[in-house]
Amino acid sequence: MRYKLFVYGTLKRGLANHSLLSKARYLGKRWTRERYPLVAPKRWYPYLIDAPGEGEHVAGELYEVDLPTLKMVDRLEEVPRYYRREVIEVVDGEGRVEEAFAYFLAHSIPYRQFPFLPEFPPKEE
Ligand code: PCA
């Protein structure tokens, strides 16, 4: 089985955890169909918050992964304690919609205290 995984944080190309996706197939750039808050209170740890309608259409990358890769990434993200893996809708540059897994922060934080990012890492101020 192959699964679609939308990544918006450290799993993206060039970032700290991307090597976990070495066996994954890159499908291209995508955005969340809904708006979600994306915050990075600790700078290198981006959190997608399950509060649809707040925040931005978050940019990320879509991959096709096998089950061992998905399980490995779940372990890295400490699912279900730290992040939860949920199905969301993502859109490509032409507006085509598809479903993919994405990682949401599992616990609640006062996310409205932080700027809502359209992508991670934030562009320099
Ligand atoms: N890694 C996952 C969730 C947050 C993070 O840093 C990702 O890139 O989507």
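Values as computed for the structure displayed
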quantity: Choice from Glu99, Glu61, Glu86 with maximal GNM fluctuation in the chain (Cα, 10 Å cutoff); calculated: Glu86
quantity: Stretchable slack from Arg25 to Tyr3, in nm (0.36 nm times residue separation minus alpha-carbon distance); calculated: 6.9 nm
quantity: Pairwise label distance in nanometres, Arg81 with Glu98, each label 7 Å out on the Cα-Cβ vector; calculated: 3.3 nm
quantity: The chain: proportion of alpha-carbon pairs further apart than 21 angstrom, %; calculated: 33 percent
quantity: Distance between modelled label sites at Met72 and Arg33, nm, 7 Å Cα→Cβ extension; calculated: 3.0 nm
quantity: Gaussian network model of the chain, Cα within-10 Å springs - most flexible of Leu48, Leu21, Leu67; calculated: Leu67
quantity: Stretch gain in nm, segment His18-Glu56, where the contour uses 0.36 nm per residue and the Cα spacing is subtracted; calculated: 11.4 nm
quantity: Helix-only mean residue ellipticity at 222 nm for the chain, each DSSP H run of n ≥ 4 adding -39500 (n - 2.57), per residue, nearest 500; calculated: -2500 deg cm²/dmol
quantity: Translational diffusion coefficient (Stokes-Einstein; Kirkwood radius from C-alpha pairs) of the stretch 67-115 at 20 °C, 1.002 mPa s, in µm²/s; calculated: 170 µm²/s
quantity: Once the Cα gyration tensor of the stretch 42-98 is diagonalised, semi-axes √(5λ) in Å; calculated: 21, 17, 11
quantity: Most mobile listed residue (Pro110, Pro46, Pro37) in the chain, GNM with C-alpha springs under 10 Å; calculated: Pro110
quantity: Net charge of Cβ neighbours under 11 Å - reference Glu54; Lys, Arg +1; Asp, Glu -1; calculated: -1
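Throughout, read-outs are computed from the coordinates displayed, never taken from laboratory work. Keep in mind it's a predicted model, so treat the numbers as computed, not measured. Cβ coordinates were reconstructed from backbone atoms using ideal geometry, including for glycine residues, and neighbour counts include every protein chain displayed.
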